[in-house]
Amino acid sequence: MKRRISPVLLVLILIVLVAAAGIGTALIRRYMPSGEKMDGSEYFSLNDSSEAALVVNRELKEEKAKIIDGRYYIENTVVGEYINGRFYWDEKNQVMLYTLPTEMFQISPDTTEYQTSQGVQSTDYVILRREGDSCYLDLEFIQQYTDMEYQIYDDPARLVIRTEWNEETMVTALKDSQIRQKGGIKSIIVDEIEEGEQLYLLDQMDNWSQVATEDGYTGYIRNEDISEPEQVMFSHESTQPEYTSIQKDYKINLAWHQMTTADGNATLAEMVAGSQGINTISPTWFSIADNSGNITSLASADYVNQAHSMGMEVWALIDNFSTEVDTLAVLSDTQARANIINQLMAQADAVGLDGINVDFESITEEQGPHYVQFIREISIACRNRGLVLSIDNPVPMPYSTHYNRREQGIVADYVINMGYDEHHSGDTEAGSVASLGFVRQSIEDTLQEVPAEKVINAIPFYTRLWKEPYGGGNLTSEVLGMDGASSFISENGMDVYWDSEAGQNVAMLDGEDGLYSIWVEDEQSIEEKMKLVQEYQLAGVAAWKLGFERDSVWPIIAQYLQ
């Protein structure tokens, strides 16, 4: 007789089978890679056929290019931020300006022509398109004046642009595989990779690596699917125009000669009588006088001739210190900028200047692009005349990046780091005008953007006498030259100690009405700063200002400029 299977046993078997199937399904779901692939338009966040994604130096940008009549256009501010910052929109005159080493040209919107010093140049496409408040530059035209390469890809539409030419870390796909949005086999696929394809390695983790493809995708791939990293240097023939610079075959030893009236021109011999080694002098001769770009001048041919007879070049200074001038208004006006430059060049020709020193201070972020454009434009005029162009800068700080020292280092001959005003009038805490650590950091930060052979470090011949009233009154200070500080210390019997961290002598006094302090600038502190000039192989030193120093500092300065 056949044995019947007990219903209970049958139920148990079914339960086991169902459980096994569930476990198997769970295991499959857990360990089976996802085959879901992201749509390319979704990956690049493209909304319609008139857009193209923009990938610059392997980074996908939020901004999009426009496709108009089959050509690719990029918004001007996007070009400036990511590709080429030398295109400058003149809002007042509604033209685009572009500066080259020896000339500037302009482009009017919605035309196929642009104006250069050689006349009108033509293309077979619209160079600049205006849409509302935005301007869009043609990609081909951008490349013509930019050190860049680009590739256009379709389906989805995207531009992949390279402007950086560094050594890259590369890996090779060992087999056909996928790049996923995140590290993990369940993450959605963003691109399929073929065996042998080279990938840029961005980050490597234990099991997954972040990579970028040649055609603009970025994501994660399993480490087992790629080779060991290798360093690859990509060859590239630069199309960057040559910005020639005047580089002296000696270290610059510059002193600023402050003067407020023409009578100051007669004091040159007196001011440098006890000096040694000064080869460049910068009289404070020029100021912007109004928003039309007119300037005031104290320039003197006799002064220049006298300086030349003493073996000194003259780099005359121009400032923006007048309270009658709106710096934004004057620098954002192309005609006003040209007026400043034309007058300076006329003055240089008239008195025989060797250079111009630009000292525009308290430049705001809003003024920044216009200031940098002024620097570009004056560099053209100076280069065409063989004049040295030097630019004074506050120490690098997050709030002063708009001074664009990198661009200055390209178009100007010398970039001066004003290595002082660490503590200044209005501060709520007493301290050094230029401690050693502060100066060192400012030099190192400047060298991140400007080559050492163009960097001049400026040192102070002055200090501050600080007074902190007892009982919580306002901190005050006054400027003292070297002799003035020494006299105050001696006359008041101040306690003095050497602060090795600051690289200075510090004087303190508990006075009758408050605590007095001086971080002294003297022979010792100047020597410590000059050691930095030598250590970092800078182009030289500048000093503010003649008349604040003691004669004994000059041999020390000269010693470190040999």
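Computed from the coordinates by the stated procedures, all read-outs in this text should not be read as laboratory data. The shown structure was predicted, so the numbers you read here are calculated from the model rather than taken from an experiment. Here the Cβ positions follow ideal geometry from the backbone for every residue, glycine too, while neighbour counts run over all protein chains shown.
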Residue farthest toward the positive end of the dipole of the chain, with Cβ of Lys/Arg at +1 and Asp/Glu at -1: which of SER187, SER552, MET104? SER187
Fully extended contour minus Cα-Cα distance, from SER500 to ASP349, at 0.36 nm per residue: 49.6 nm
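In the chain, which helices (entire DSSP H runs) extend 30 Å or more along their own long axis, judged by Cα positions, while averaging at least 0.5 on the Kyte-Doolittle scale?
Details: long enough: 7-31 (36 Å, 2.06).
Correct list, ordered by number: 7-31.
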Work from the charge dipole of segment 43-161 (Cβ charges, +1 for Lys and Arg, -1 for Asp and Glu, about the Cα centre) and give the residue of GLY80, ILE161, LEU46 farthest towards its positive end. GLY80
Point-to-point label distance, GLU224-TRP165, nm (Cα→Cβ direction, 7 Å offset): 4.1
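At 222 nm, what helix-only mean residue ellipticity would the chain give, in deg cm²/dmol to the nearest 500, using -39500 (n - 2.57) for each DSSP H run of four or more? Could you put the intermediate results ahead of the total?
Details: 14 runs with 145 residues, N = 562.
Helix-only estimate at 222 nm: -7500 deg cm²/dmol.
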Identified option (computed Cα extents along the principal axes in Å; candidates [x] 79, 56, 44; [y] 131, 67, 45; [z] 94, 60, 34): [y]
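What is the packing order of peptides 263-273, 332-342, taking the mean over residues of other C-beta atoms within 10 Å and listing the highest first?
Sorting 263-273, 332-342 by mean packing, highest first, produces 332-342, 263-273.
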Any chance you could run the full-extension gain for GLN121 through THR239? It's 0.36 nm times the residue separation minus the Cα-Cα distance, nm to one decimal. 40.5 nm
What whole-number distance in Å separates the alpha-carbon centres of segment 506-524 and segment 287-342? 38
How many angstrom lie between the C-alpha centres of segment 38-109 and segment 185-204? 28
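Given R₀ = 51 Å, FRET efficiency for GLN204-ASP263 by Cβ-Cβ distance, to 0.05? The partial results should precede the final answer.
Working: r = 69 Å, r/R0 = 1.35.
Calculated transfer efficiency: 0.15.
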From Cα pairs below 8 angstrom and at least 6 apart in sequence, can you work out the relative contact order of the chain, rounded to a whole percent? 10
Which entries in LYS61/LYS454; LYS467/LYS531; LYS64/LYS182; LYS66/LYS175 show an alpha-carbon gap greater than 29 Å? LYS61/LYS454; LYS467/LYS531; LYS66/LYS175
Where GluC sites (Glu not before Pro) fall in DSSP loop in segment 98-156, at most 14 other Cβ within 10 Å: GLU103
Pop a pseudo-label 7 angstrom from the Cα along the beta-carbon direction at both GLU365 and SER34 and give the gap in nm to one decimal. 3.7
Once the dipole of segment 414-464 is set up from charges on Cβ (+1 Lys and Arg, -1 Asp and Glu), the residue from the list VAL450, THR428, PHE461 lying farthest towards its positive end is PHE461
Between ALA301 and GLU103, with labels modelled 7 Å along Cα→Cβ, what's the label distance in nm to one decimal, could you check? 3.2
